[in-house]
Amino acid sequence: MFQKKPKYEKKAGLKLYQIELLNKISPAGTDLFPKTGYCLGEEIANPDAILVRSASMHEMELPASLKAIARAGAGVNNIPLDKCSEAGIVVFNTPGANANAVKELVLAGLLISARKIVPGIEWVKTLKGQGAEVTKQVEKGKSKFVGPELKGKKLGVIGLGAIGVQVANTATHFGMEVLGYDPYLSVDAAWSLSRNIHKAKSLKEIYETCDFITVHVPLTPETKGMINSQSIQTMKHGVRIMNFSRGELVVAEDMIQAIQDKEVRCYVTDFPTDEMLGIDGIISIPHLGASTPESEDNCAAMAAEEVMDYLENGNIKNSVNLPAVQVERGGDTRIGIIHRNIPTMINQITQCIADENINIENLTNKSRKDFAYTVVDVYGDVSSQMATKLTAIEGVIRVTIYR
Ligand SMILES: NC(=O)c1ccc[n+]([C@@H]2O[C@H](COP(=O)([O-])OP(=O)(O)OC[C@H]3O[C@@H](n4cnc5c(N)ncnc54)[C@H](O)[C@@H]3O)[C@@H](O)[C@H]2O)c1
């Protein structure tokens, strides 16, 4: 998915960017930084950017030099987002980089929810020491572990984002009839979705018709506890449910009851809790969704690409605190301005540039809640006085000149 070679060739004589690594980051990411333009290390005094996995940054002093933080992973609760926004630091994450890893485990989940592979393996272990009897016992005992095939069954995929789309598409190759539900489907996801997926109009349609249901939504006030006794009541008797998203999407006691009543035949979760352990019909996996070396590599590579494109071109992709702005370079100098999302800002910025007799080649402005980002491409030399004037505009947080 990611280029092996750095995309951005550094011009000779340009500054050396300092990248601090707060955690061990896979070489699949660190090797992408060209050695001529970047210095990477664990302890860097004035970093331009930080790459981090799980280290907590809440107590950390954020140096004035810091322009970007990239989290190699999805969750960003180890990063003080508000503090970063106030300081004009762009925080990136790597959505979808672990989607394939999760998809593969979900497919395993579907298989082990149908065929009694896990209890079967456990039972075979108990035959240890029976010598020639083992083969006979296996043939005699295997009927206890019969389970249905996936082919021809209906699978409901709730949430068609990075993971849901891949699960839905691949499940069709098992011969499953796949229904997808996502009221906020993105254009990218719509493009990636196989035309064999039936678009369900409501959750009700999924609940009432599907033999297998898999949930791939974020945990929000809307989705919290969405699988509960009421929703289970509307599902097909003996439904099998996969949860590789977040434990709190499912009301644990309702699920346990439904399993005991055989309303739900099997619940496969990547988020074990004490109450669920040891219950027949609940398969608990120790949060292995993204635990693959490839997933770590993908996250590191994506984080490195995001940081390089921001430091060198001012482009923002996959930020969690600032708007996405990705513009092909125009002119010979780019001015990136992070500012508050307030009126007259664009006027003041363009006036400041016009005062220097510089012609604007291209201007892009995007906002996200209280903050906004303006990228201006110009021809001509942008003086340090002009950068200072731009910085002095009330509401401007950070000005960066890209040559
Ligand atoms: N098990 C793991 O190790 C692991 C790893 C990565 C991600 N996850 C979890 O998987 C989930 C999905 O991740 P993703 O990368 O596909 O996210 P994503 O943001 O790409 O996709 C989420 C999708 O859910 C949709 N959605 C939001 N609210 C919805 C609703 N009420 N009904 C239906 N659809 C709704 C969104 O429109 C979006 O398309 C997240 O909860 C994430 O935390 C788990």
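The values are calculated or read from the model by the stated rules, or taken from the named source; none is laboratory data. Note that this is a predicted model, so its numbers are computed, not measured. So basically every Cβ, Gly included, is an ideal-geometry build from the backbone, and we count neighbours across all protein chains shown.
Summary table below
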{"read-out": "Only one of Ala171, Ala189 that is in contact (Cβ under 8 Å) with a residue 60 or more places away in the chain, surrounded by 15 or more Cβ atoms within 10 Å (Cβ to Cβ) and part of a helix (DSSP H, G or I)", "value": "Ala171"}
{"read-out": "Any hit, the range 84-91, residues being in contact with a Cys (Cβ under 8 Å, 6 or more places away or on another chain), touching a residue at least 60 places away in the same chain (Cβ under 8 Å) and crowded, with 19+ Cβ neighbours inside 10 Å", "value": "yes"}
{"read-out": "Any hit, the range 340-361, residues being at pLDDT 95 or above, within 18 Å of Lys67 (Cβ to Cβ) and touching a Gly at 6+ places or on another chain (Cβ under 9 Å)", "value": "yes"}
{"read-out": "Tally, over the range 205-255, of residues that are modelled with pLDDT under 95 and aliphatic (A, V, I, L, M)", "value": "1"}
{"read-out": "Pairs with Cβ under 9 Å, 6+ apart, first in the range 94-105 and touching a residue at least 40 places away in the same chain (Cβ under 8 Å), second basic (Lys, Arg)", "value": "Thr94/Arg71"}
{"read-out": "Neighbours by Cβ (under 8 Å, 6+ apart or cross-chain): first from the range 119-132, over 20 Å from Gly109 (Cα atoms); second at pLDDT 95 or above", "value": "Val124/Val138; Leu127/Glu133; Leu127/Val134; Leu127/Gln137; Leu127/Val138; Gln130/Gln137"}
{"read-out": "Check on Lys366, farther than 13 Å from Ile335 by Cα, surrounded by 14 or more Cβ atoms within 10 Å (Cβ to Cβ) and out of contact with any Ser or Thr (no Cβ under 6 Å at 6 or more places or on another chain)", "value": "yes"}
{"read-out": "Check on Met242, in a helix (DSSP H, G or I) and either within 12 Å of the ligand (Cβ to nearest atom) or at negative phi (or both)", "value": "no"}
{"read-out": "Test for Asp182: is it farther than 24 Å from Val264 by Cβ and within 12 Å of the ligand (Cβ to nearest atom)", "value": "no"}
{"read-out": "Selection count, the range 262-272, where residues are in contact with a helix residue (DSSP H, G or I) (Cβ under 9 Å, 6 or more places away or on another chain) and either in a strand (DSSP E or B) or exposed (fewer than 14 other Cβ atoms within 10 Å of the Cβ) (or both)", "value": "6"}
{"read-out": "Count of residues meeting criterion [in a strand (DSSP E or B) and within 16 Å of the ligand (Cβ to nearest atom)] in the range 54-75", "value": "1"}
{"read-out": "Subset of the range 106-121 (residues that are among the basic types (Lys, Arg) and either touching a Leu at 6+ places or on another chain (Cβ under 7 Å) or surrounded by fewer than 17 Cβ atoms within 10 Å (Cβ to Cβ) (or both))", "value": "Arg115"}
{"read-out": "Considering residues of the range 290-339 that are among the small types (Gly, Ala, Ser) and at positive phi only, the residue modelled with the lowest pLDDT", "value": "Gly331"}
{"read-out": "Failed item, numbered, when Lys317 is tested on (1) more than 16 Å from the ligand (Cβ to nearest atom); (2) among the basic types (Lys, Arg); (3) closer than 24 Å to Ile69 by Cα", "value": "(1)"}
{"read-out": "Among (1) surrounded by 15 or more Cβ atoms within 10 Å (Cβ to Cβ); (2) more than 19 Å from Lys236 (Cβ to Cβ); (3) away from the ligand (no atom under 16 Å from the Cβ), the one test that Leu150 misses", "value": "(2)"}
